Amino acid sequence: MSHTHLFTLVIIVGATAAAACASHVRQKREQALAEVSSVAETTQKVLLRPMPHRLGRLDIEALYLAAAARARVGGDFYEALETTRGVRLVIGDVRGKGLSAVGMASAIVSSFREFAYDEPDLARLARRLDVSMGRYTALLPGDQTESFATAVLAEIPDDGSAVRIVNCGHLPPLLFHAGAVREIAPTASSPPINMGALLGEDYRIDTVSFTAEDQLLLYTDGVTETRDRTGVFFPLVQHAGQWDTDSPSRLLKQLHSDLVHYSHDHLDDDIAAIAVRAVASTASDRA
């Protein structure tokens, strides 16, 4: 065999081996990504389980968009439960990213699912979440003094026409009433979850009228921190004033569409939102 033929054979064998190695590495990477996606999907089902479309006298829908398409879950969280006090909701955003944020979000949701049923007072419920998170972070390695979450807790009784809100350093919910929209800013500040003891502040309740056909939008900062190509933040109230509010699902579809259009399909933060609409009670509801 000539040197030329031998050299050609070596090149062919080397190229074949390199291609096989690259294929093996790619298959391993795809398998790892599939396993990570499966774990993330399972985590999401526990943390952000499907929400019923009706709770008490409320129609309700939820929206969750992860900034990383493969991640599927992040530090944003929400939950809604029907209790003897009415429907109770929570939505929030854990400071930070990654698995530590997911872990704390999961711990908050788990605590809410336990305490929401038997705690008679919404402010005390917020305090119990704060104490629970203090115990949770105390068991984590390293300095956890900056581990906290902003959140909004809401309570909508079945036999009333109002919503009670505790805003734990979070963005103000939007209230849609009689064709107008406004922010429900807290009259007094309440500390974020896991900062109550540090700040030494109480959790305070605001009560707002919430009658039939009214709608409430709770959301995380991924909504208001969405930017256009020039870096301008998404003007939520301005857009919300143009939406149809005939149903929570319609409202969230419009929110999603406007965010995608405004950002030119470049959402770079996790987004969570809950929309609830008060439905007029019927004879069967009162029976």
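The values are calculated or read from the model by the stated rules, or taken from the named source; none is laboratory data. Here the structure is a predicted model, which is why all the values come from computation and not from measurement. For neighbour counting, all protein chains shown are included, and Cβ atoms are generated from backbone atoms with ideal geometry for every residue, glycine included.
Part of a loop (DSSP other than H, G, I, E, B), touching a helix residue (DSSP H, G or I) at 6+ places or on another chain (Cβ under 6 Å) and of a type in the set (S, T, Y): is that true of Y203 in this structure? First the steps, then the outcome.
Values: part of a loop (DSSP other than H, G, I, E, B): yes; touching a helix residue (DSSP H, G or I) at 6+ places or on another chain (Cβ under 6 Å): yes; of a type in the set (S, T, Y): yes.
Yes: the conditions hold for Y203.
Output the qualifying pairs, or none if there are none: Cβ atoms under 8 angstrom, residues six or more apart or on different chains, first residue in the stretch 242-256 and at negative phi and modelled with pLDDT of 95 or more, second residue aromatic (F, W, Y) and part of a loop (DSSP other than H, G, I, E, B).
R250/W243; L251/W243; Q254/W243; L255/W243
Working carefully through the options L125, L153, L140, L129, find the one that is assigned by TED's automatic domain parsing to the domain that holds I205, under 15 Å from N194 (Cα atoms), touching a helix residue (DSSP H, G or I) at 6+ places or on another chain (Cβ under 9 Å) and modelled with pLDDT under 90.
Unique residue meeting the criteria: L140.
Between V94, V87, which is under 14 Å from the mean Cα position of the chain (by Cα) and either in the same structural domain as L153 (by TED's automatic domain parsing) or closer than 15 Å to R135 by Cα (or both)?
On the way: V87 fails: under 14 Å from the mean Cα position of the chain (by Cα).
Result: V94 is the single residue among V94, V87 that is under 14 Å from the mean Cα position of the chain (by Cα) and either in the same structural domain as L153 (by TED's automatic domain parsing) or closer than 15 Å to R135 by Cα (or both).
Say we look at the stretch 206-237 and pick out the residues that are hydrophobic (A, V, I, L, M, F, W, C) and in a loop (DSSP other than H, G, I, E, B); which of these is surrounded by the most Cβ atoms within 10 Å (Cβ to Cβ)?
Of all residues in the stretch 206-237, those hydrophobic (A, V, I, L, M, F, W, C) come to 208, 210, 212, 216-218, 223, 232-234, 236-237.
Filter once more, so that each one left must be in a loop (DSSP other than H, G, I, E, B): 210, 212, 232, 234.
On the way: F210: 24, A212: 11, V232: 10, F234: 18.
This residue is F210.
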